[in-house]
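Notes follow once the structure below has been shown.
The values are calculated or read from the model by the stated rules, or taken from the named source; none is laboratory data. Note that the coordinates shown come from a computational prediction; the quantities given were computed from them, not determined experimentally. A quick note on method: Cβ atoms are made from the backbone with ideal geometry, for glycine too, and the neighbour counts reach across all protein chains shown.
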Amino acid sequence: MLTPTGWTFLQTRLGVGRLFEVRTEWGWVWSNGPVAAIKFAGLPLVPDPLGWSQMAVADELFGEVTPLRGVRAVGPATRVSWRRSRLTVHSLDTVSSQLWHEGELDDLVEEAAADLKGAVASIGRWFDGAPTVDLSGGRDSRLVAAAFLVSGTAITLHSHDAVPGDLVIAKELVGLLGREVEHRIKHTESGGTGAVQMPSGMDAAYAWHAYAEGLRPSSFLLHRPPNSGC
């Protein structure tokens with residue numbers, strides 16, 4: 001956000017916005033990509049051992065770590081401002097600020113469920129028709145779909161068979177609902193019968209790295225990188 005006297009960068013409360021920073025001897029660099037940040041800073045591209053160790057063990061990056069040494073992912077709920085030649089950074093601890101130490105665990109679960117139901121109910125009001133909600137074999141999609149269903153919002157479920165086994169789990173979950181819900185199914189080229197046909201593993205890894213700058217887990221190797229020609 002630009003103003004006549006400066007600018008402001010905002011990172012989302014969950015930290016899902018693409019905002020990276022590099023500290024140099026002469027100042028700071030911010031960018032929406034780790035490679036761009038390190039290049040603007042005039043520093044060499046060097047792999048970060050901790051970042052790649054995390055990817056090797058958990059297939060994910062955690063906290064402020066990135067694939068490149070010297071590049072930091074800006075934390076959640078952070079505001080970086082430059083006003084009248086002065087830099088200010090404000091961050092909110094989104095974990096401790098949301099902790100309650102009173103009540104039983106079951107009560108906290110019920111409160112979280114009620115909050116989630118209210119959130120998805122408000123989302124449903126933004127659609128003229130029924131929103132489409134993805135349902136796979138994964139935990140996240142199951143939680144989101146369940147919240148919509150429990151809230152009473154009319155939805156259309158969508159599943160695909162790109163990953164073997166996902167569609168089987170999705171159909172089983174829909175069958176357990178005990179009521180009719182529209183379930184659209186997309187069949188991919190692999191049809192869930194095997195791995196997607198890809199070039200050699202290293203070619204696919206290089207293509208995804210060039211596209212996403214090391215920010216995608218290995219599960220993306222099952223899919224073709226955008227605009228890669230692979």
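Worth a mention:
- The residues of the range 209-221 that are out of contact with any Ser or Thr (no Cβ under 8 Å at 6 or more places or on another chain), part of a helix (DSSP H, G or I) and within 19 Å of Phe20 (Cα to Cα), listed by number, are His209, Ala212.
- The set of residues from the range 43-70 being more than 18 Å from Ser91 (Cα to Cα) and in contact with a strand residue (DSSP E or B) (Cβ under 9 Å, 6 or more places away or on another chain) comprises Leu43, Leu45, Val46, Pro47, Asp48, Gly51, Leu61, Thr66, Pro67, Leu68, Arg69, Gly70.
- Restricting the range 46-92 to residues that are assigned to a strand (DSSP E or B) and in contact with a helix residue (DSSP H, G or I) (Cβ under 7 Å, 6 or more places away or on another chain), the residue that is farthest from Leu2 (Cα to Cα) is Leu68.
- For beta carbons closer than 9 Å, sequence separation of 6+ or different chains, a first residue in the range 36-47 that is free of Cβ contacts under 8 Å to residues at least 24 places away in the same chain and a second that is among the hydroxyl-bearing types (Ser, Thr, Tyr), the qualifying pairs are Lys39/Ser31; Phe40/Ser31; Gly42/Thr24.
- In the range 151-176, the residues that are part of a loop (DSSP other than H, G, I, E, B) and crowded, with 17+ Cβ neighbours inside 10 Å: Thr153, Ile155, Asp161, Ala162, Val163
- Hits in the range 11-24 (condition: loosely packed, with under 15 Cβ neighbours inside 10 Å and at pLDDT 90 or above): Arg23, Thr24
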